[in-house]
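Here's the structure we're looking at; comments come further down.
Every number here is computed from the coordinates shown, using simple stated rules; none is lab data. Being a predicted model, the structure only gives us computed values, none of them experimental. A quick note on method: Cβ atoms are made from the backbone with ideal geometry, for glycine too, and the neighbour counts reach across all protein chains shown.
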Amino acid sequence: MNENYAVDALLTAALFAADRHSEQKPKDTAKTPYINHPLAVAEVLARHGVDDLITLQAALLHDTIEDTETHPAELDSPSVPMMRSVAQPTPQPQNRLPPTTDTLATR
């Protein structure tokens with residue numbers, strides 16, 4: 001895969017997620033912009049050696065459809081055709097614990 005394509009694909013996913021999450025209200029007491037969460041997920045994966053484009057795109061887009069008004073068809077991009085396939089929400093287990101105030105960005 002062309003390195004320029006990978007950089008473009010990651011930036012396209014990050015910009016798309018940032019745009020869609022721009023109106024989302026932060027859940028933490030520090031009022032951190034929501035986009036910091038998907039960026040932190042992608043950063044943690046990359047820091048631990050994940051360099052797969054699709055996995056990093058999924059990290060950036062993982063809440064876009066489920067937490068915003070984004071329709072899956074909006075993720076179809078001629079320049080980044082993988083975006084829609086990586087952002088499909090998965091069913092949540094019924095016994096899932098409620099989210100905590102801790103974030104992945106905390107080290």
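Once both labels are positioned 7 Å from their Cα atoms along Cα-to-Cβ, the gap between His48 and Asn2 label points is 3.2 nm. A simple count of charges around Ala6, restricted to other residues whose Cβ falls under 11 Å of its Cβ and scoring Lys, Arg +1 and Asp, Glu -1, yields -4.
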